[in-house]
1. Hey, can you tell me all the residues within the range 74-105 that are among the β-branched types (V, I, T) and surrounded by 10 or more Cβ atoms within 10 Å (Cβ to Cβ)?
2. Looking at D59, D37, D45, which one is over 13 Å from the mean Cα position of the chain (by Cα) and modelled with pLDDT of 85 or more?
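The values are calculated or read from the model by the stated rules, or taken from the named source; none is laboratory data. Because the structure is a prediction, the values reported are computed rather than measured. As a convention, Cβ positions derive from the backbone with ideal geometry for all residues, glycine included, and neighbour counts pool all protein chains shown.
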Amino acid sequence: MAGKINGVDGSRPASTGTGRVGQRSTRGTAAASSAGDTAEVHITDTATQLAALEQSVRDLPAVNEARVASIRSAISQGTYQVSSEQVAERLTQLEQALGSASRQD
């Protein structure tokens, strides 16, 4: 049976459900489609929105160059200030997030 998925770009690798990415397989499609037995899968609006958001995030630069330039300038001018309270708070938040993520697994 051949499958047609509406709303998904066929050029991207398919997720295998284990966090790994595999290549889409087309084996068996020709034989099944010649029999005329096809099935369609419709992607929900939410899945389509998530795919669009994923692409938007993928298109963002890995480094915020403007932020780096601003901090570099402040350091060179001697005006960069580090808030130990803010660093401690962020580390605590990170630790809590990592702890809750490991409990969910």
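1. Listed by number, the residues that qualify are I75, V87, T92.
2. D45
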